[in-house]
Amino acid sequence: YAQQKQENDSKLAKLRQDKDKKSDYKNTLENQISTLQNQIDTYNEQIQELDTKILKTQDEIADKQKNISANTARLKKRLCALYMSGGASNLEILLSADSVYDFADKVEALQMVTAHDTSLIHLLKSEMASVKKQKTAIKQNRQAAADAKTSVSEKQGELSGFVREAQGVINDMSAKESSLQSASDDFAQKEEAASQAIDKWYADYQASQEKKKVELAQKQASQQQKSVSAKTVGSSSVAASTSGGASAIGSGSMVWPVPSCQVITTYFGQVDEVHSHPHKGVDIGASYGSTIVAPDSGTVVMAGAGAGYEGYGNVVAIDHGNGLISLCAHMSSVAVSSGQTVAKGQVIGYVGSTGHSTGPHCHFEVRLNGTPVNPMNYV
Ligand SMILES: [Zn+2]
């Protein structure tokens, strides 16, 4: 009945593969996002730098403006003082010149007084214009960096959306994975529980057979004593033929229990990713309803479904009386009953999928003194 687990486990393996692929995809996206983040960080640095520069130019412009205002005020003051001292306007000063020389002196004096201030004001104004130009250029650079950052951020946002999507799929897969994993664990647990229950049944059966043997020996001994004391002549008729449990003795050589099918789907002792414990028999992949026959003659010691080993479904176990017990499991129905003597090749049941099994098959196991042995050595 490892078949169901096998199906489940292969689903699990496929799912894990898909999940790994999705995780790789997500990692690639995340790497791209981190590259974009580096770009964004660089743009942010640039923008910050440019913002600092803009502030600096604004300070410079303000400084120049202040300087211009101060110089303009000073110039005004000087002109004012000049007018006041003459008590007349600039023109009046000039016109009040007594002579050509005096006039020339006055013009010169006026020019000297204003030349320094006006040239300084002109210089400051041209400097301010150049700083304003710089500021405009810096602002343009800043706008370009901000635009680039926006486009990278948009790309990053898009990729983040993909990552969220991938993470959602991965989460779904993880949920599915854990449910498949627990199902697989459950199968393995049930398989192990059924296997242990069957082992216990064998042990109990062996013990009961031993007990019967001892009782029989005691009975024979006491009867012999009786016959000796009664001096009765006659042989003891208490033979081991009927009370030993196995009334029919097998030949030790078995026939294949499913005549219509030779296909083995799981071998004896098979251990792989599906079977954590060695398989105790062989699984024959026969179709539903195929005839199952007694591998050798013997006495039926178990027929039908039993408590504790439900995983085996409908079972027929035959004690062949030579230390060998054969068992066929997962039958759709059994054709014999416990205690019945069967001949080699006699129909004992039909292939099914009872117990923990999805596909019809016959689990055929042979035990020698309770220990599972390879059935292939007896057929
Ligand atoms: Zn099996």
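General observations
- Index of the failed condition, L75 passing every other in (1) modelled with pLDDT of 90 or more; (2) of a type outside the set (D, E, K, R); (3) crowded, with 16+ Cβ neighbours inside 10 Å: (1)
- Test: residue in segment 172-179 that is assigned by TED's automatic domain parsing to the domain that holds Q32, assigned to a helix (DSSP H, G or I), of a type in the set (S, T, N, Q) and over 30 Å from P278 (Cβ atoms): yes
- Residue identified as farther than 30 Å from L327 by Cα and either at pLDDT 85 or above or surrounded by 11 or more Cβ atoms within 10 Å (Cβ to Cβ) (or both) among S229, S222, S235, S253: S222
- Cross-chain or 6+ apart pairs with Cβ under 7 Å, segment 357-369 first and more than 13 Å from the ligand (Cβ to nearest atom), then in a loop (DSSP other than H, G, I, E, B): L368/G323; N369/G323
- Selection from segment 267-317 of residues that are at pLDDT 90 or above and of a type in the set (S, T, N, Q): S287, S290, T291, S297, T299, N314
- Inspection of segment 319-334 finds a residue satisfying the criterion of being without any contact (Cβ under 8 Å) to a residue 40 or more places away in the chain, more than 16 Å from the ligand (Cβ to nearest atom), over 22 Å from T371 (Cα atoms) and among the β-branched types (V, I, T).
- Applying the condition of being among the polar types (S, T, N, Q) and out of contact with any helix residue (DSSP H, G or I) (no Cβ under 7 Å at 6 or more places or on another chain) to segment 176-203 and asking which residue is surrounded by the most Cβ atoms within 10 Å (Cβ to Cβ) yields S195.
- Taken over segment 280-309, the criterion of being over 20 Å from V373 (Cβ atoms) and outside any strand (DSSP E or B) is satisfied by G285, A286, S287, Y288, G289, S290, A305, G306, A307, G308.
- Scanning segment 142-172 for residues that are surrounded by fewer than 16 Cβ atoms within 10 Å (Cβ to Cβ), within 13 Å of Q46 (Cβ to Cβ) and not small (G, A, S) turns up Q143, D147.
- Residue match in segment 5-21 (condition: within 16 Å of the ligand (Cβ to nearest atom), small (G, A, S) and within 30 Å of S184 (Cβ to Cβ)): no
The values are calculated or read from the model by the stated rules, or taken from the named source; none is laboratory data. For clarity, every value in this text was computed on a predicted model and none was experimentally measured. With ideal geometry, Cβ positions are generated from the backbone for all residues, glycine too; neighbour counts draw on all protein chains shown.
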